[in-house]
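Notes to accompany the following structure.
Derivation of every value follows stated rules applied to the coordinates shown; laboratory data play no part. Given the structure is predicted, the values throughout are model-derived calculations rather than measurements. Cβ coordinates were reconstructed from backbone atoms using ideal geometry, including for glycine residues, and neighbour counts include every protein chain displayed.
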Amino acid sequence: PSKIFEYIACGKPIISFYTNGLKEQRFDRYPLAIQISQDDTSLEQASQFVEDFCRQFGKKQMNKEEIDLYFPQNLPEKFQYIL
């Protein structure tokens, strides 16, 4: 799971493939992510999804403040109480 937060912290678009219905829930909240099922999606469909996603979001990037709005529970201030 920590790798997922590293990807999100970069603020760049993320393309994720999953199998067996095991979608990454955190990507559902991240607006610059697409998740494609390898079980239910043909190669042609997946290719079209990726192409459309790249056209729409390929050059976009979120800054730290925007990311913090989507993931407030992961702010460093929240972790200081755990330590």
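Across the range 53-68, what is the number of residues that are loosely packed, with under 10 Cβ neighbours inside 10 Å and without any contact (Cβ under 8 Å) to a residue 24 or more places away in the chain?
Total satisfying the criteria: 3.
Could you look through the range 1-53, keep only residues that are among the aromatic types (Phe, Trp, Tyr) and assigned to a helix (DSSP H, G or I), and pick out the one that is nearest to the chain's Cα centre (by Cα)?
27
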